[in-house]
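Student: First the structure, then my questions, so here it is.
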Amino acid sequence: MAQKKEKKQETPLEEEVVEDVDAEAEVAKDDVNGEADQSEEPKEKIEATPLFLAREEAEMYKDRWMRLAAEFENYKKRRAREFEILVQSASEDVIRDLLPILDGVGRALAHSENGDAESEGFQEGIKMIMEQFPRVLYNRNLKEIETVGKPFDPTVHEALMQMPSEIYDAGIVSDEIEKGYSLGDKVLRPAKVVVSQGKPAPEAPEEDGDTDKS
């Protein structure tokens, strides 16, 4: 009976030892966690410095700038390709419209080579060319610059000379030497004109040189 009592008394001692070990383990764990927290504190302080934030912001703006630069470069290449296609398409349309005129020139030349330069066919071919060619150009927004009877405008007229005129006042275009053309708002070739100086001065009456001598 005494031995059984002794065994019963030993059990609480073992529990106390286990509890002490667990307590020491918890203390050691807290110490380790505390040391870890202390070691991490300087790192957090470094990351929160203004220099670190400035570097992060600079990297962000650098990445954004590089993306925008790449997008703009792609945009320029795309616009260049579209412009080339547009120019090619416009050239094709103009050439297609000029083909009938080229045919008319060929027929007129054929008549002239056969000695029929004065024939009705030759004259008809030339007339057709002169009707078709301006029509093609005018459909492309080509316009003749108005000249005779209009005030002289140095932006669209080129004055070759000035002459007196019985019809037009000074500063008015009195004659056209070469036609001028504009495409939309752009002057392709100014018109070469003569500008009026106004009515000629009246001639002074001739004095009779043979006067009676007293």
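Student: Looking at (1) at pLDDT 80 or above; (2) surrounded by fewer than 10 Cβ atoms within 10 Å (Cβ to Cβ), which one does VAL148 not meet, given that it meets all the others?
Tutor: (2)
Student: Separate question: Quick one: ARG78 ticks every box in (1) in contact with a strand residue (DSSP E or B) (Cβ under 9 Å, 6 or more places away or on another chain); (2) at pLDDT 85 or above; (3) part of a helix (DSSP H, G or I) except a single one, so which number is it?
Tutor: For ARG78, the exception is condition (1).
Matching residues to (1) over 23 Å from GLN132 (Cα atoms); (2) hydrophobic (A, V, I, L, M, F, W, C); (3) out of contact with any helix residue (DSSP H, G or I) (no Cβ under 8 Å at 6 or more places or on another chain); (4) modelled with pLDDT of 80 or more:
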site	(1), (2), (3), (4)
LYS62	yes, no, yes, yes
TRP65	yes, yes, yes, yes
LEU68	yes, yes, yes, yes
PHE83	yes, yes, yes, yes
SER91	no, no, yes, no
GLU113	no, no, yes, no
ASP116	no, no, no, no
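The values are calculated or read from the model by the stated rules, or taken from the named source; none is laboratory data. None of the values given here were measured: they were computed from a predicted structure. Methodologically, a virtual Cβ is constructed for each residue, glycine included, from the backbone with ideal geometry; neighbour enumeration extends over all protein chains shown.
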